Amino acid sequence: MKRSWFSCLTVLALMLGLLAGGCRRRRYENPITKDTQQPDKVLFDKAIADIERGRYEIARLTLQTLINTYETSEFLAKAKLAIADSWYREGGSNGLAQAEAEYKDFILFYPTLEEAPEAQMKVCMIHYKQMEKADRDQTHALRAEEECRQLLVQFPNSKFAPQVEQLLRNIQEVLAEREFRVGSFYHTKGSHVAAANRLQAVVDHYPLYSKADQALWNLADSYARMGPRFRSKHIEAYVRLVRDYPLSPLVEEAKRRLVAMEQEVPEPDPVALARMKYELEHMEKPGVMSHFWGIFRKSPDVRMAAKSGSPTMETFRPPIPASVPAAGAATGVSAEVTVAPVTDSSVLETRPDARRQPSAAKPETSTSPPPAAPKP
């Protein structure tokens, strides 16, 4: 009995070892299929075998030897890309930073090769994988948004464009969630001017955000509490909620409030209606333990991100708060500043310079007699 139990454990250990060995070797994505025994091709194949087995440092030394020895080789571009891929596979903060630098160099020297969009895609993924939750540091999220947008601008016809568009929607979901949380905090606290500024930025810059309807609802409430001067913005928030998010559970109440304010209720936008139907059909339902494991997960949950629609291609810039009056609107004074050259040089001597420090100004001469000395 003991012998059979020991045999089972041995077989299990061997199976685990085989699985581990098979999982360790990951096939390289960009091999050279040309069948030749050229020395530079032999060096490249040896380096790729080392990359597949996780011997990244040895692979980089071999590739560097190829680059330095065979300066006119047809495999130079592939060798430079393989160096970047080795850093990318090695991972870690240092490895990913080195991989990004190598990918950027590859795109700079070989922008017309078919591997250039893939290199830009991996630069985007470097920051996407390091992206954190909405309430934490957003450095990598902002960099990921910038790099993904760069791929869509520089390589619009690439096969990676649809995948990058979805990545961009996921990233903007996280960035919008951050702004929405700040705006909701101000709204709950009663700082309605600050809340309106944050929420207005969310609905204007991230229309695909999953909670944009809730942001419009809170925005309308903030404008309503800011006084009659913001009545038009209060109405506009309800109108956008009814027109652009017709399947939201807040639409019926928004319609009632528009009727109470004697305003016309708009018809739903057919494009927005079709988009929301698509989102409901393709919504990812959270698992039973998703909330529990989400506490320990560093990466954000992007299941609620939009699955359709064009992501925003402009850099986020906070708007001017609505409480700030427009230039010259309230006072009637123009805020324009004009500059003209000085034609008369004597003006500089006759008119005092306002930038001069008071201590540097000359003391004024007085014609009155000095006061008499006091008697002892």
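The values are calculated or read from the model by the stated rules, or taken from the named source; none is laboratory data. These numbers come from a predicted model, not from an experiment. Positions of Cβ are backbone-derived with ideal geometry, glycine not excepted, and every protein chain shown enters the neighbour counts.
Restricted to helices (runs of 4 or more DSSP H) entirely inside the stretch 51-111, those with at least 1 residues that are acidic (Asp, Glu), touching a residue at least 40 places away in the same chain (Cβ under 8 Å) and within 17 Å of MET121 (Cβ to Cβ) are 76-90. Just checking, does the stretch 230-251 include any residue being in contact (Cβ under 8 Å) with a residue 24 or more places away in the chain, more than 30 Å from SER191 (Cα to Cα), among the acidic types (Asp, Glu) and crowded, with 16+ Cβ neighbours inside 10 Å? No, the stretch 230-251 contains no residue that is in contact (Cβ under 8 Å) with a residue 24 or more places away in the chain, more than 30 Å from SER191 (Cα to Cα), among the acidic types (Asp, Glu) and crowded, with 16+ Cβ neighbours inside 10 Å. Looking across the stretch 45-75, the residues that are at pLDDT 90 or above, surrounded by 18 or more Cβ atoms within 10 Å (Cβ to Cβ) and closer than 21 Å to ALA101 by Cα come down to ALA47, ILE48, ILE51, TYR56, ALA59, ARG60, THR62, LEU63, LEU66. Can you say whether LEU96 is more than 30 Å from VAL182 (Cα to Cα) and buried (at least 23 other Cβ atoms within 10 Å of the Cβ), as far as the supplied structure shows? No. Selection within the stretch 111-134: residues that are in contact with a Lys or Arg (Cβ under 7 Å, 6 or more places away or on another chain) and not aliphatic (A, V, I, L, M). The member of this set that is nearest to PRO311 (Cα to Cα) is HIS127.
If you take the residues in the stretch 175-204 that are under 23 Å from ALA274 (Cβ atoms) and in contact with a helix residue (DSSP H, G or I) (Cβ under 8 Å, 6 or more places away or on another chain), which one is surrounded by the most Cβ atoms within 10 Å (Cβ to Cβ)? Top of the filtered list is VAL202. Residue-level check: of (1) over 31 Å from the mean Cα position of the chain (by Cα); (2) under 17 Å from ALA194 (Cα atoms); (3) charged (D, E, K, R), GLU262 misses just (2). State all residues of the stretch 232-251 that are touching a helix residue (DSSP H, G or I) at 6+ places or on another chain (Cβ under 8 Å), part of a helix (DSSP H, G or I) and of a type outside the set (Val, Ile, Thr); if no residue qualifies, say none. Listed by number, the residues that qualify are LYS233, HIS234, ALA237, TYR238, ARG240, LEU241, ARG243, ASP244.
State which residue pairs qualify: first residue closer than 12 Å to LEU219 by Cα and inside the stretch 175-204, second residue among the polar types (S, T, N, Q) in any location, beta carbons under 6 Å apart, and separation of 6 or more residues or different chains. As it stands, the answer is HIS187/ASN218; HIS187/SER222; HIS192/SER222; VAL193/SER323; ALA195/SER222; ALA196/SER222; LEU199/ASN218, since those pairs meet every condition given.
Out of everything in the stretch 205-229 that is touching a His at 6+ places or on another chain (Cβ under 8 Å) and in a helix (DSSP H, G or I), what residue ends up being surrounded by the most Cβ atoms within 10 Å (Cβ to Cβ)?
Kept after step one, since they are touching a His at 6+ places or on another chain (Cβ under 8 Å), are these residues of the stretch 205-229: 218, 220-226.
Next cut, in a helix (DSSP H, G or I) only: 218, 220-225.
On the way: ASN218: 25, ALA220: 26, ASP221: 17, SER222: 28, TYR223: 26, ALA224: 19, ARG225: 15.
Top of the filtered list is SER222.
Of LYS41, LYS46, which residue is touching a Phe, Trp or Tyr at 6+ places or on another chain (Cβ under 9 Å), of a type in the set (Lys, Arg) and more than 25 Å from GLU165 (Cβ to Cβ)? Lay out the reasoning, then the answer.
On the way: LYS46 fails: touching a Phe, Trp or Tyr at 6+ places or on another chain (Cβ under 9 Å).
After applying the criteria, what remains is LYS41.
Quick check: anything in the stretch 178-198 on the phi > 0 side of the Ramachandran plot and assigned to a loop (DSSP other than H, G, I, E, B)? Scanning the stretch 178-198 turns up at least one residue that is on the phi > 0 side of the Ramachandran plot and assigned to a loop (DSSP other than H, G, I, E, B).
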